[in-house]
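Participant: I have a structure I would like to understand better, so I am pasting it below and will then ask my questions one at a time.
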Amino acid sequence: MYVATRSAGFGPEVKRRIMLGTYALSAGYYDAYYGKAQKVRTLIIRDFEAAYRSYDVLLSPTSPTTAFELGTKTSDPLTMYLNDVCTIPSNLAGHPAASVPFGTGDDGLPVGVQVLAPALGEPVMFQVAEVLEAAVPSRRGAS
């Protein structure tokens with residue numbers, strides 16, 4: 001049962017990240033990484049709390065580049081990790097975020113913007129995401 005639920009439901013990238021996390025928390029690495037990571041996480045949470053005292057939501061890119069063609073980066077784990085860099089802070093803080101399609105870049109590939117909100121801020125986050133998505137010309141029918 002364990003093998004079936006842990007292998008069939010996860011793709012190669014998710015499995016790779018689980019294994020890296022497990023390795024980092026293994027004996028000898030726990031103290032070196034986990035304690036420091038918890039301290040950094042606390043700083044991130046405090047920074048978000050300060051920002052949300054002045055703003056209802058925050059906007060940021062979803063990734064540092066436009067989207068890449070489906071399947072082109074799967075053999076390059078480092079590129080895959082680096083494309084998540086903009087989504088990591090809200091995940092570490094435990095806050096909601098929504099990625100919204102926001103046009104295309106010069107290369108014709110999609111650009112995403114993410115709406116970040118404080119804990120339990122989903123109603124406003126979804127309202128802002130809806131307005132942003134409606135403001136971008138539709139790509140339907142474009143080839």
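The values are calculated or read from the model by the stated rules, or taken from the named source; none is laboratory data. Nothing here was measured: the structure is a model prediction, and the numbers come from that model. Cβ placement follows ideal geometry from the backbone for every residue including glycine, while neighbour counts extend to all protein chains displayed.
Participant: What tally of residues in region 75-90 results from selecting those that are assigned to a loop (DSSP other than H, G, I, E, B), under 11 Å from the mean Cα position of the chain (by Cα) and either among the small types (Gly, Ala, Ser) or closer than 18 Å to LEU20 by Cα (or both)? First the steps, then the outcome.
Facilitator: Applying the first criterion (assigned to a loop (DSSP other than H, G, I, E, B)) to region 75-90 yields 75-76, 83-87.
Applying the additional criterion that residues be under 11 Å from the mean Cα position of the chain (by Cα) yields 83-87.
Checking the rest, the ones that are also either among the small types (Gly, Ala, Ser) or closer than 18 Å to LEU20 by Cα (or both) come to 83-85.
Residues that pass the stated criteria total 3.
For every residue, the table says whether it meets (1) in a strand (DSSP E or B); (2) crowded, with 19+ Cβ neighbours inside 10 Å; (3) under 15 Å from the mean Cα position of the chain (by Cα).
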{"site": "LEU92", "(1), (2), (3)": "no, no, yes"}
{"site": "GLY103", "(1), (2), (3)": "yes, no, no"}
{"site": "GLN114", "(1), (2), (3)": "yes, yes, yes"}
{"site": "ALA119", "(1), (2), (3)": "no, no, no"}
{"site": "PHE126", "(1), (2), (3)": "no, no, no"}
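Participant: Just name the residue that is farthest from VAL111 (Cα to Cα) out of those in region 60-82 that are touching a Leu at 6+ places or on another chain (Cβ under 9 Å) and surrounded by fewer than 11 Cβ atoms within 10 Å (Cβ to Cβ).
Facilitator: Here the answer is GLU69.
Participant: Right, here's the next one. Does region 90-111 hold any residues that are among the hydrophobic types (A, V, I, L, M, F, W, C) and either on the phi > 0 side of the Ramachandran plot or at pLDDT below 90 (or both), and which are they?
Facilitator: Start the filter on region 90-111 by keeping residues that are among the hydrophobic types (A, V, I, L, M, F, W, C), which leaves 92-93, 97-98, 100, 102, 109, 111.
The one that is among the hydrophobic types (A, V, I, L, M, F, W, C) and either on the phi > 0 side of the Ramachandran plot or at pLDDT below 90 (or both): LEU109.
Participant: Follow-up. Can you list the helices (runs of 4 or more DSSP H) found entirely within region 1-74 that contain at least 3 residues being in contact (Cβ under 8 Å) with a residue 60 or more places away in the chain?
Facilitator: Values: elements: 2-7, 12-24, 35-54.
Ranges flagged: 12-24, 35-54.
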